Every structure is written in C-alpha cells, then in structure tokens.
Amino acid sequence: MTKKVDAREVALKVINEVESKGAYANIALAHEINRRISQGQLSDQDRRFITELVYGTVKAGATLDWILGNYLNRPITKIAPVIRNILRLGIYQLFFLEKVPVSAACNQSVELAKKYGHAGTVKFVNGVLRNAARSPEKVEYPNQDKQPAKYLSLKYFHPEWLVERWVNRLGFSACEALCQTNNITPLLSLRTNTIKIDRKQLLQRLEEEGVLCHESVWTPEGLVCYQHPSLSTLKSLQEGLFQVQDESSMLVAHILDPKPGEFIIDACGAPGGKTTHIAALMDNTGQILSTDIYEHKLEITRENATRLGLTNIETRALDAVTLDQFFPGKADKVLVDAPCSGLGVLRRKPDSRWRKTADILQDLPKLQSAILTSAAQCVKPGGTLVYSTCTTEPEENQNIVNNFLNTHSDFDLEPAGEYLPIQRRPDKMLQLWPHLDGVDGFFIARMKRRN
C-alpha cells in the first residue's frame, strides 16, 4: 500500500464538492473512493468510515447548522465554507457517532483547520468543538407535541416542508418511522442477469469474491448484500453477471410482464436498469426501444446492455412527450417510469432531501401527465401501459393515473399488486414505503388498452 491518507480529509474533500460545487454526494464519493483505492491508499475500514462521515454529515445538514448555532457567536453563513464543513464534520462525530472518541473528533478537526485555515480559524474550531463536547445539554429539540413537524425535521434530518406534509397525511408515528428509515443506509441490492447465470450460481460466485448476500423476498432475481468490497473490484460485475438495482425498481418489469418476441417501449429508459431487466425477461428476444431526452444517459444504457450481453435493446434520443408522433399504436407494451421528485429514494441520496422544495410537486405533474398521455397513444389495442415513479406523493402518483383514466376511456386499470412475482397484493395501484416494506418508496400502476 502506498502513502495512506487521512479518512476525515477525504470526507472533507467530498463534502466541500457537494456544498460548494453542487456535486451529488453518491457520485463524488464513489469517484474519490475509487481513485484512492486504485492508488492503494484506502483500506476497507477507511472506505466504510469515509462513507459514514460523508453521508451522515450531508444528510444531517440543517440539523448540524442548528446545533452549531448553540455554540457560535456569529451567523454560520459568515464562516468560510471549508471551515464551516470542518465544524459540521466535527459536530456530526460528537453528537451522532458514539464510536468516535471526543478527543479524536476535536483533535482531527483542529488538524484539518491547520491545513485549510489559519491560526485564528484553528483557535475558533477548537473553541467551538470543545465547548460543544463540554456542554451538549445546550442542544434542546423543540417540543414534539407543540411543534411536531419542526421536532421531526431537526431530530431526523428532513426539510420541514416535507415533514409537515407527511405528518398531515400519515400521522406523527408513521412519519417518524419513515424519517428514521430514510436515515438508515440501505443494503446494496443486485439483480441477477439471468441471461448469463442463475441466482444460486451468482450467490456462490459473489461469496468467492467476498460478497455476502441473501435472496430477495420480493423478486426471483434479486439479491440483498450485507457485506461487500468496493464494487469496482468485482470481476462478476465486469463480466455482466448482475446489475445494481433496488428491489422495488425490479418489480416494475414484472408488473409490465413482458413476453418473448414483443415490441416494448421504455419511454424514459436511461440509464437502463429497467430496460435491461425487461430485455432479460424477454429472453433477449423481440425488441425494446429505450428512449430518453439525454444522449449521454442513453450511452450508459448501451454500455450496460453490452456488459450484460443483451442484444434486443435499441436506444433513441427523443422527448417522451412526442412519442406518439413516432410510434402511434405500435407497441405491445409501454413503460413510463416518469421523471419525479425522487422522494421515495431519499435514503439512497443523502443530499437530495436538501435540494428539493415544495414547488417540485406543482411543476412535475404537468410533465408526468404529458408523457403518460403521449406514451398511451403508442400502445396497441389490447396492449399494456405501466406508469411508475420512485416517489411517495399522490400529486405524482394516484392523481396522475386517476386524471389519465378519467380522460382516456379506452384504458382500464388492472390490479398491479396481482402481478408481483412473490408477495402478491390486491392493490390496484401499488405504493411501496421504505418504513413499511423495507424497499425504496415506489409507485406502480398497470393499465390495459381496450381492443
């Protein structure tokens, strides 16, 4: 191993990129970790600690700033960004990482301040963190009975506007359970590429590579991993034996129920998780057209298809709201996995909760409806239309489907829950929740066009 690096400094670098450059935490973290691993600078323990520091600090963003407010004599916005992030890292360790000794959290933060600040900021960082370590009782959360949304927002690191919605809709206890679940880093789930290998053989192969998994209780191809090295080191990934995909996302293709030889359109297909799953369920026969507005995302779909050995996928860059102009009545089945707020996958993207506002739930439904209306015209009589999102909000889900059905009498809703491959349900429209189902928040509706 070459020169070892300080895990906290690597975490700080990623957090700075997220904070100052608007980078996505999961992408910036993976890039930095893979770069360091390739240079022999990180152990597996370092990788896990860096991941915990980055995801935890980014996730707890507004709460960390609120905690810091109890120990600062100036507005946090007046502090230089890199020093502000050093303080956030330190506070996160002091208040939320019991395994980290107080001395280590304070001393290492001071060392970072020496490297990225000056004598004055070193003294400042030391003073703030020592004060917080000595007097944690200064942090007092709002009364949960009088200010339920504010309490849950600060306690569980979620924007208050969103918590208020969930409290009103789900009640306090269910909202608390959802927020708690969103703060637990989910296990990695993989979809067996059944074109090349079966699930039992893949389990054995992964075990040989140091990956410990168990079979999914939701899908026949799914595996859930509870211990694994960096994915970039796995030969089985490079050989196309599996695709990383959440269990709830895998359910979409099963509810679409593709058959060998069909012509299927995946209207918002990139980067190809569902497209490649559909292709495999069709035994690599027929044709799948995967469309997306962004060509660079379709390139990822093509790369995935090549790696997985799938030859029945075609890609085309176009706006999904214009699909009906190109393929009227041509497709046996059409999937609309619509652009959405992503509020069902907050546990996977720690920074995304802070990038969204309530306005998104007014703007997106117009686009979602337009795509669904256009895609519906591509379905043959007797064909199937599936609408899915990775969100939990009715404005993007049930309301979209109900409004569509009210204006398209040639489509009938079918019970999506009956198409689940293992855990069948009577649900006409399927809404999955992280805190109830242990998977990403996902919505799936299945409709049939009348003959």
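Taking every DSSP beta bridge that has both ends in the range 324-451, the antiparallel portion is near 70%. For the chain, DSSP calls about 60 percent of its internal beta bridges antiparallel.
Normalising the average separation of contacting C-alpha pairs (under 8 angstrom, six or more residues apart) by the number of residues puts the relative contact order of the chain at 12 percent. Computed over neighbours whose Cβ is under 14 Å from that of residue 358, the net charge equals -2, Lys and Arg +1, Asp and Glu -1. The C-alpha atoms of the chain define a longest principal axis, and helix 247-256 lies at about 10 degrees to it. In the chain, the longest principal axis of the Cα atoms and the axis of helix 398-407 are about 30 degrees apart. Over all directions, average the projected area of the Cα convex hull of the range 1-69 and note it in nm². The Cα convex hull of the range 1-69, projected and averaged over all directions, gives 4.7 nm². Principal axis analysis of the Cα atoms in the range 275-346 yields extents of 35, 31, 22 Å, listed in decreasing size.
Per residue, the chain exposes an accessible area of 43 Å² to a 1.4 Å probe, with every protein chain left in place. Once divided by 2.2 N^0.38 Å, the Cα radius of gyration of the range 351-435 becomes 1.21. Sites counted here are GluC sites (Glu not before Pro) in a DSSP loop (not H, G, I, E or B) having no more than 14 other Cβ atoms within 10 Å; the longest part of the chain that contains none of them is 210-451. For the range 206-282, the alpha carbon convex hull comes to 105 Å³ per residue, rounded to a whole number. Here the sum of -39500 (n - 2.57) over DSSP H runs of 4 or more residues, divided by the residues of the chain, equals -14500 deg cm²/dmol at 222 nm, to the nearest 500. Rolling a 1.4 Å probe over the protein heavy atoms of the chain, with every protein chain left in place, gives an accessible area that is 50 percent carbon and sulfur. For the range 1-155, what does the alpha-carbon gyration tensor say about shape, rounded, prolate or oblate, given a ≥ b ≥ c as the root eigenvalues, a/c under 1.5 as rounded, and a/b over b/c as prolate? Prolate is the answer for the range 1-155, as a/c is 1.5 or above and a/b outweighs b/c.
Between the residues 277, 216, 329, the greatest Cα displacement towards the positive end of the dipole of the chain, with unit charges on the Cβ of Lys, Arg, Asp and Glu, is found for 216. Here the 3J(HN,Hα) profile of the range 156-167, calculated from phi with Karplus coefficients 6.51, -1.76 and 1.60 at θ = phi - 60°, is 10, 6, 10, x, 5, 4, 6, 4, 4, 4, 5, 4 Hz, Gly and Pro shown as x.
Helix 102-116 and the long axis of the chain differ in direction by around 90°, with both axes built from C-alpha atoms. Structure note, pairs 59/114; 297/448; 59/138; 13/114; 21/155; 200/274: Cα-Cα distances above 18 angstrom occur for 59/114; 297/448; 59/138; 21/155; 200/274. Using only alpha-carbon positions in the range 190-345, the gyration tensor eigenvalues give semi-axes of 28, 16, 15 Å once each is multiplied by 5 and square-rooted (largest first). Pick the calculated volume of the Cα convex hull per residue in Å³ for this structure from (1) 303; (2) 215; (3) 148? Only one option fits the structure, namely (3).
The values are calculated or read from the model by the stated rules, or taken from the named source; none is laboratory data. For clarity, every value in this text was computed on a predicted model and none was experimentally measured. No Cβ is skipped: glycine too gets one built from the backbone with ideal geometry, and neighbour counts run over all protein chains shown. The area values use the complete protein model at the heavy-atom level, side chains included, leaving out ligands, DNA and RNA. Shrake-Rupley method; radii C 1.70, N 1.55, O 1.52, S 1.80 Å.
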